[in-house]
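Okay, so here's the structure we're looking at.
The values are calculated or read from the model by the stated rules, or taken from the named source; none is laboratory data. Note that the structure is predicted; figures quoted are calculated from it, not measured. Here the Cβ positions follow ideal geometry from the backbone for every residue, glycine too, while neighbour counts run over all protein chains shown. Side chains are part of the model used for accessible areas, which takes the heavy atoms of the whole protein and leaves out ligands, DNA and RNA. Shrake-Rupley method; radii C 1.70, N 1.55, O 1.52, S 1.80 Å.
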Amino acid sequence: TAPELIRNFCIIAHIDHGKSTLADRMLQLTGVVEPRAMRAQYLDRMDIERERGITIKSQAVRMPWQLGDQAHALNMIDTPGHVDFTYEVSRSLAACEGAVLLVDAAQGIEAQTLANLYLAMENDLEIIPVLNKIDLPAAQPEKYAEELANLVGGDPDDVLKVSGKTGAGVEALLDRIVERIPAPVGDADAPARAMIFDSVYDTYRGVVTYVRVIDGSLSPRERIVMMSTRATHELLEIGVISPDPIVTKGLGVGEVGYLITGVKDVRQSKVGDTVTNAGKPATESLGGYSEPKPMVFSGLYPVDGSDYPALRDALDKLKLNDAALNYEPETSVALGFGFRVGFLGLLHLEIVRERLEREFDLDLISTAPNVVYDVTLDDGTEVKVTNPSEFPGGKIKEVREPVVRATILAPSEFVGTVMGLCNDRRGQMDGMDYLSEDRVELRFTLPLAEIVFDFFDQLKSRTRGYASLDYEPQGDQAADLVKVDILLQGDQVDAFSAIVHREKAYDYGVMMTAKLKEIIPRQQFEVPIQAAVGARVIARETVRAMRKDVLAKCYGGDISRKRKLLEKQKEGKKRMKNIGSVEVPKDAFIAALSSD
Ligand code: GTP
């Protein structure tokens, strides 16, 4: 297809605002899928995605659309909707010239949508504001059209009103995509430069790579080069998706499609990388490439220790399709053999854990998630800490922690509440805007560690569910952080060590010791539970012994016999002490780790 007739766009929407339903409707109206053959929500492939109602992996579908006497090709590029996948979102946006901003006419815009809208604007995409679900009785199209117009500029009357469910307004939207979104431009005679915006592992075909061609062209059977690694591959197959793969004679300027090279691991076909011809390579890559960087770590352990090899195999399998997943073996006194796993964020963690449990039938315990700390010691040595129990004990010059730029949308009545919460969490306010009379956007710089710890639940419960949150990495900052250890019988329980702000060490210590006291069953002896910063104990609880009254049997004054019995009991206690922490059933650890 000639570039003038191509339109590349994506849909930016909050979860549940109806992106999949609208996409389905478009596929149907353009004749790409027959109504009868239409599988609900064609774009979401994986079960988990469908069940959780989220889209993780982006894909692209090509649709024909006639406007006037011109036959156009529309490429709809699916973007992941969630914060953890900001980098993937940014690459999908970079493959488009325009974006449909889809907002539920009964809900208005949410923080997540706002964040992605700003990304689209930074990428200079043409934005088409659209209100969806206008068939709902609760829809308030006038109110939200005003909000959208304020946000993207333009007239409220210009905001399209559609219903993905009934199909109302969707043809007009397709027309508008052709009218408003610029056609791609590129140099057809230059060496090829195609950007990878997604790559997916397929059991039968190996890695399927989705690309957008910027300059030049790619043809089947030629050799291509991945510019970040200089690795070359043969192009075994090239084509477009509509909605099933259709082999083509190649892809030219502005086109969007897929490549198959026979590689078996998505790490060999990296999102953001530039593909060029091996025979006539481009000198400069497209830019914008970066390695996925794990932001949140957690220890994953099988509940049943004998599942360890199965867990390793399962992680190896997941890794084939998830370039951001990384892990290494770890052992814990409390939990045995497991892995320290790095994730892009909390949702990524949850998804991986759920896939491990569901697809691989594993029962897992995970330690409280933590961020990565950069610690500089007095002698200049730098240490990256991904596991709190490995926080160095020596003289520390500086600790740096990751921070994020958070956007929170809330009804105006909750402004004070939200500011209070962010303040508690060491947040710094960067700004605030009223989107409409009763809705406010607040912007904060917050330590990622604070967000990882229960922030979202707190935000939701304090605003009765009305606030929404999004965040993106914003570098790091120095902070006064200390490690709090939890000791049972004087033995450190590695799984409970945490790195917290000095001012919060006491609170964490009190909370954790109290919780463990509830959970740990009484023993034959007294079990002190202590929280300590370095050698200093900051909180203490005691699980009292089930004291067997060994003296009950001896009446009278036989003091030597009494002493002997007490002596014996002490011996017993000592033995117990030696295996101290082991006496704690694993269930107790699981309970302690999961209840926050
Ligand atoms: P994710 O895939 O989770 O991002 O969600 P989504 O934005 O794709 O939303 P989806 O299309 O799954 O729709 C969410 C819910 O809204 C579903 O229950 C749909 O049936 C419903 N829905 C979608 N579009 C409309 C519409 O135009 N009108 C009405 N009344 N309901 C709609």
*Hey, what do the phi angles of the range 277-292 turn into as Karplus ³J(HN,Hα) couplings, whole Hz, using 6.51/-1.76/1.60 and θ = phi - 60°, x for Gly and Pro?*
6, 6, x, 9, x, 6, 8, 10, 7, 6, x, x, 7, 8, 6, x
_5 angstrom amide H check on A278, placed H, neighbours 5+ away_ = R223, I224, V225
*Using a simple charge model, +1 on the beta-carbon of Lys and Arg, -1 on the beta-carbon of Asp and Glu, nothing else, what dipole does the range 212-252 show about its Cα centre, in debye to the nearest 20?*
120 debye
*asked:* Whole-Hz ³J(HN,Hα) for each residue in the range 132-137, computed from phi via Karplus 6.51 cos²θ - 1.76 cosθ + 1.60 with θ = phi - 60°, x for glycine and proline: what do you get?
replied: 10, 6, 5, 6, 5, x
*asked:* Report the gain in length on full extension from E382 to D507: 0.36 nm times residue separation, minus Cα-Cα distance, nm rounded to one decimal.
replied: 42.1 nm
*Kindly flag which residue pairs out of K19/K293; K460/K504; K397/K483; K293/K504; K293/K384; K317/K384 have an alpha-carbon separation exceeding 24 Å in this structure.*
K19/K293; K293/K504; K317/K384
*Which cross-chain or sequence-distant (5 or more) residues have an amide H under 5 Å from the amide H of Y471, H modelled 1.01 Å from N in plane?*
T407
*Could you give the size of the charge dipole of the chain about its Cα centre, using +1 on the Cβ of each K and R and -1 on the Cβ of each D and E, expressed in debye and rounded to the nearest 20?*
3300 debye
*asked:* Expected output is a single nm value to one decimal: the length gained when fully extending between E472 and V247, i.e. 0.36 nm times separation in residues minus the C-alpha distance. What is it?
replied: 77.2 nm
_Under-5 Å amide H pairs with V100, H placed in peptide plane, nonlocal only_ = C10, I11, I12, I128
*Counting only protein heavy atoms and using a 1.4 Å probe, what share of the accessible area of the chain belongs to carbon plus sulfur, as a whole percent?*
49 percent
*asked:* From the alpha carbon gyration tensor of the range 325-470, can you work out the equivalent ellipsoid semi-axes (sqrt of 5 times each eigenvalue) and give them in Å, largest to smallest?
replied: 33, 23, 11
_Accessible solvent surface per residue of the range 300-448, calculated while the other protein chains remain in place, 1.4 angstrom probe, Å²_ = 44 Å²
_For D202, solvent-accessible area (1.4 Å; no DNA, RNA or ligand), Å²_ = 50 Å²
*Give the residue from Q268, L67, N326 lying farthest towards the positive end of the charge dipole for the chain; charges sit on Cβ (+1 for Lys and Arg, -1 for Asp and Glu) and the dipole is referred to the Cα centre.*
N326
*Pick out, from P447, N423, T407, the residue whose Cα sits farthest towards the positive end of the charge dipole of the range 405-468, with +1 on the Cβ of Lys and Arg and -1 on the Cβ of Asp and Glu.*
P447
*Please give the residues of the range 356-379, grouped as numeric ranges, whose backbone N is less than 12 Å from a label point set 7 Å along the Cα-to-Cβ vector of K397.*
375-379
*Give the relative contact order (percent, whole number) for the chain; include only Cα pairs under 8 Å separated by 6+ residues.*
10 percent
*Using 0.36 nm per residue, how much length does the chain from A310 to K165 gain when fully extended, once their Cα-Cα distance is taken away?*
47.9 nm
*Sites Y434 and R230, calculated FRET efficiency, Cβ-Cβ separation with R0 51 Å, nearest 0.05*: 0.50
*Work out how far the C-alpha atoms of the chain reach from end to end along every principal axis, then list the three figures in whole Å, largest first.*
113, 57, 54
_Using θ = phi - 60° and Karplus 6.51 cos²θ - 1.76 cosθ + 1.60, couplings along the range 407-415 (whole Hz; Gly, Pro as x)_ = 10, 10, 10, 8, x, 4, 4, 9, 3
*Taking the Cα-to-Cβ direction at D454 and at E328 and moving 7 Å from each Cα, how far apart do the two end points lie in nm?*
3.1 nm
